[in-house]
Amino acid sequence: MRVQEGPARDRGPRPRLSWVGEATDPDDRGQRQTAYRILVASSRENLDKDIGDLWDTGEVKSGETIHIPYGGGP
């Protein structure tokens with residue numbers, strides 16, 4: 001699944017995150033999200049290595065895609 005990225009609209013101390021998933025394979029259409037993982041890193045290099053040094057939610061079993069409160073560091 002591909003996720004659309006966009007600018008943060010809530011730039012307060014605890015922004016809330018939202019995303020829209022889009023099936024990249026026509027056979028995947030109609031499926032729903034059952035879990036998510038959010039990684040926030042201080043560098044692209046860390047992110048590419050799956051190192052969320054500012055925040056790593058781990059796998060969260062949830063279909064929620066809107067208003068997820070940021071729980072990491074600045």
Note to self: Residue by residue through region 21-38, what is 3J(HN,Hα) from phi via Karplus (6.51 cos²θ - 1.76 cosθ + 1.60, θ = phi - 60°)? Round to whole Hz and write x for glycine and proline.
What the structure shows: x, 9, 5, 8, 10, x, 5, 8, 4, x, 7, 10, 5, 10, 7, 8, 9, 10
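Could you list Val60, Val40 in order of exposure, starting from the residue whose Cβ has the fewest other Cβ atoms within 10 Å? Before the final figure, lay out each step's value.
Numbers: Val60 11, Val40 17.
Ordered by Cβ neighbours within 10 Å, fewest first: Val60, Val40.
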Check: How big is the charge dipole of region 12-74 about its Cα centre, in debye rounded to the nearest 20, if each Lys and Arg gets +1 on its Cβ and each Asp and Glu gets -1 on its Cβ?
Finding: 340
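If r is the Cβ-Cβ distance from Asn46 to Ala23 and R0 is 30 Å, what FRET efficiency results, to the nearest 0.05?
Details: r = 28 Å, r/R0 = 0.95.
Calculated transfer efficiency: 0.60.
Values in this text are rule-based calculations from the coordinates and carry no lab data. None of these values were measured; they are calculated from a predicted model. Please note: Cβ atoms are built from the backbone with ideal geometry, for glycine as well, and neighbour counts cover all protein chains shown.
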